[in-house]
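Below is one structure, written out as structure tokens; the observations come after it.
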Amino acid sequence: MAVDGDSPPHYNDDCSTSPFRKSPWSSHESTHLYASAVEDTNNVTPNVLMGSLVREEGHIYSLAASGDLLYTGSHSKNIRVWRNQKEFSGFKSNSGLVKTIVIAGEKIFTGHQDGKIRVWKIANKNSGVHKRVGTLPAFKDYLISSMKPSSYVEVNSNRKAVWLKHIDAISCLSLNEDKTLLYSASWDKTFKVWRVLDSKCLESVQSHDDAVNSIAAGFDGLVFTGSADGTVKIWSRELQEKGTKHIFSQTLLKQECAVTALALDLVATMVYCGSSDGVVNFWEGDNHLFHGGALRGHKLAVLCLVTAGNLVISGSADMGITVWKRSGGEHFCLSMLDGHAGPVKCLAIERDPDESIPGQERWILYSGSLDKSVKMWRISERAPPMTQWRQQSYSSSNTKHLPATLPANPAFSSQGGVGQIKE
């Protein structure tokens, strides 16, 4: 069984609202709330909540940011496109809630609960119109394969299926470094490899004993998979004349609790892994990965991870977001971002286009939640760390738990009218 926080029992879905209805986005510049913090840190902007977007048609399951565009996928099968915090466009799939979104040049790939991957492109004459240009696998490819007995593989004791089609929900999509290969992970215990150029399925790998919750294509031709079976595995990619061959390399982690999220820092060659116990483990190393430590900033499952610059950000079922900063071989907690009223299911990050002070390394962080909202945060690597943990860092020799009660900081809260959530 997959563990990724998909179906909390205390939220009610409302799919009656049109996906193209104007959204009640409220953008709040927090100058008055954080004026003292800015003054005290020599013009270094603290991490602040900029605004909140309330989705009326369902929980937010997926986000993807590209330049000035933000794509959001929800439980109601809708994908919205936002530009400058305003609704810009939208499109809807026929079935299957939108669990993951990735962007490869002019193509947008969406992975769905129904096991299908849909391909979209922006219309040439109207940038606000997105057209579906295909489904993976293509019907023609599937039909040809279904006629060959050799194309069938055993998926359980009583059933066989064509190898190039997922038979359960798509949990995650990932692109390799040059965006020529698309990887799809599924609850059917496999991951598949697709060629972006022509949408051909090149390979299917039976990778785990339970649902594959996350996949990340990384450095040196390596692919990392995380599963509900509690393992993180490394696969080595070999390019062949007619496709690819992924060979099992090693098991990076084996534990009792489910692996729920993966993220890579390609520059620093680091691997981050979030689990259902709320812990983020990390590995580092150029030629050989070694375990660097464990970051303990959540009380419930880690559901999503992203990296940017020297930062790694984790979102959790405890409704919080933790921003960690890497300095040398250590990590310390830069800030806790509070404001969601439901589990934080997805994160996306882009460099801040309005970075006014050179050297701040500012980013725009988007967080999607099962409270049906998307929040927009401005974060900086030079933001002042939380005073409670100013002297506390986490390295390979320090994996102690954080305090049971995470300290609250009004600078990271949506209280006082900033980004109020609409039920």
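The values are calculated or read from the model by the stated rules, or taken from the named source; none is laboratory data. From a predicted model like this one, the values you see are computed outputs, not experimental measurements. Cβ coordinates were reconstructed from backbone atoms using ideal geometry, including for glycine residues, and neighbour counts include every protein chain displayed. SASA here: full protein model, heavy atoms, side chains in, ligands and nucleic acids out. Shrake-Rupley method; radii C 1.70, N 1.55, O 1.52, S 1.80 Å.
Only Lys, Arg, Asp and Glu count, each charged at its Cβ (+1, +1, -1, -1), so figure out the dipole size of segment 166-236 about its Cα centre, rounded to 20 debye. Working shown, then result.
Values: 6 positive and 10 negative charges, 32 e Å.
Using only the charged Cβ atoms, the result is roughly 160 debye.
State to the nearest 20 debye the size of the charge dipole of segment 249-332 about its Cα centre, where the only charges are +1 on K and R beta carbons and -1 on D and E beta carbons.
For this selection, approximately 120 debye.
Do you know the relative contact order of segment 246-391, to the nearest whole percent, from alpha carbon pairs under 8 angstrom that are 6+ apart?
Computed over segment 246-391, the figure is 14 percent.
Starting from the Cα-Cα distance between S327 and F219, subtract it from 0.36 nm times their residue separation and give me the gain in nm to one decimal.
Between S327 and F219, full extension yields 36.8 nm more.
Using the structure shown, list the pairs from K245/K372; K125/K179; K92/K148; K107/K140; K299/K375 with a Cα-Cα distance above 31 Å, or answer none.
Correct reply: K245/K372; K92/K148.
So if I take the centroid of the Cα atoms in segment 132-193 and the same for segment 306-334, what is the distance between those two points in Å?
What the calculation gives is 33 Å, centre to centre.
When all protein chains stay in place, what accessible area (Å², nearest 10, 1.4 Å probe) is found for E350?
50 Å²
Below 13 angstrom from the Cβ of Y152, what's the summed charge of the other residues (Lys, Arg +1; Asp, Glu -1)?
Net local charge, Y152 excluded: +3.
Assuming R0 = 51 Å, can you tell me the calculated FRET efficiency for the pair Q255 and K92, based on Cβ-Cβ distance, to the nearest 0.05?
Calculated transfer efficiency: 0.85.
Taking the Cβ-Cβ separation of V153 and V129 as r and a Förster radius of 35 Å, what is the calculated FRET efficiency to the nearest 0.05?
0.35
Using a Förster radius of 35 Å, what is the FRET efficiency between Q85 and D198 based on their Cβ-Cβ separation? Nearest 0.05, please.
Given R0 = 35 Å and the Cβ-Cβ separation, E is 0.45.
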